[in-house]
Amino acid sequence: MPLQAIATERLYQQVARQIADLIRSGEWQSGERLPPERDLSATLGVSRPTVREAMVALELAQLVEVRSGAGIYVRDSASDITVSLQNGIDTGPSPFDLIAARRVIEGEIAAIAAARITKPELKAIADAIRKMERDIESGQQAISNHEDADLMFHLRLAEATGNTVLSSLVEPLWEGMRKPMFAAISRRVSLPDNARQAAKEHWAIHACLAKGDAAGARDAMHAHLDTVRQMLLKD
């Protein structure tokens, strides 16, 4: 018997598949509202972030629809949709895993940069924040423009460590944030609308860099990414 490739699924994919199977078996009928995320989290024994990701994956697979202020409902055509589930629901890495990874890596990047940053590097980082603010105020903070300025800040901060390996880690993490899963969950909670808050938190990181405060820079980066995580869980 020839060897078979071992299928691996992220946790949110496993949860999404289980819910999809229940929908197809008739546990929830077309047009019926699914239980709240908190209830599903308790029933399935997984975290609420995992359930949030599973719901977004099912939404992308067109099995459910999110009705603002009303909940999540089984789509009328859900029983006819099977193709997107045959090979697993893979819409990108877990957004909450991405934020957790960024918290570890970019927190240390901020601390290292604070200990050795130069004035030109500090100015380049400030310029990236100002570009972000200009995009916001001009009404051009579409995902592409806002993300470019945001990414520029984080890349320049990483470059200020003087460590090419660390600086090479940032952009791949951001690529994961451009995958369908992260993009969908960002739209769902209106994450782009919080650009002003992100810019404010970038300035807090910059202030610590300017003082050479490594611990403060780490804490400020952690606080920034904790805010993003909280926004992704917003109802």
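The values are calculated or read from the model by the stated rules, or taken from the named source; none is laboratory data. For clarity, every value in this text was computed on a predicted model and none was experimentally measured. When we count neighbours, we look across all protein chains shown, and the Cβ atoms used for this are built from the backbone with ideal geometry, even at glycine. Each accessible area value is taken on the protein alone, full model and side chains, heavy atoms only, with ligands, DNA and RNA left out. Shrake-Rupley method; radii C 1.70, N 1.55, O 1.52, S 1.80 Å.
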Subject >> Mean separation of Cα contacts under 8 Å (6+ apart) over length of the chain, as relative contact order % >> reply: 22
**OP:** Enumerate the calculated ³J(HN,Hα) couplings along the range 194-200 in order (Karplus 6.51 cos²θ - 1.76 cosθ + 1.60, θ = phi - 60°), each rounded to whole Hz, writing x wherever the residue is Gly or Pro.
**Re:** 9, 4, 4, 5, 4, 4, 4
Original post:
Length gain on complete extension for the stretch Asp148 to Val104, per 0.36 nm per residue less the alpha carbon to alpha carbon distance?
Top reply: 13.7 nm
Original post:
HN-Hα J couplings of the range 168-175 from phi, Karplus 6.51/-1.76/1.60, θ = phi - 60°, integer Hz, Gly and Pro as x?
Top reply: 6, 7, 6, 4, x, 4, 5, 4
Subject >> Among (i) 17; (ii) 22; (iii) 31, the entry derived from the coordinates for percent of Cα pairs over 32 Å apart >> reply: (iii)
**OP:** Kindly count the pairs of lysines across the chain whose alpha carbons are less than 17 Å apart, treating pairs on different chains or eight or more residues apart as eligible.
**Re:** 5
Original post:
Using a 1.4 angstrom probe with every protein chain in place, what is the largest-first accessible-area order of Lys179, Lys119, Lys131?
Top reply: Lys119, Lys179, Lys131
Original post:
What FRET efficiency, computed as 1/(1 + (r/R0)^6) with R0 = 45 Å and r the Cβ-Cβ distance, is obtained for Gln18 and Asn163, rounded to the nearest 0.05?
Top reply: 0.60
Subject >> Probe 1.4 Å, all protein chains present, accessible-area order of Trp174, Trp203, largest first >> reply: Trp203, Trp174
Subject >> 222 nm mean residue ellipticity, helices alone, for the chain (DSSP H n ≥ 4; -39,500 (n - 2.57); rounded to 500) >> reply: -21500 deg cm²/dmol
**OP:** Return the distance in nm (one decimal) between the two label points of a simple spin-label model at Ala207 and Trp174, each offset 7 Å from Cα along Cα→Cβ.
**Re:** 2.4
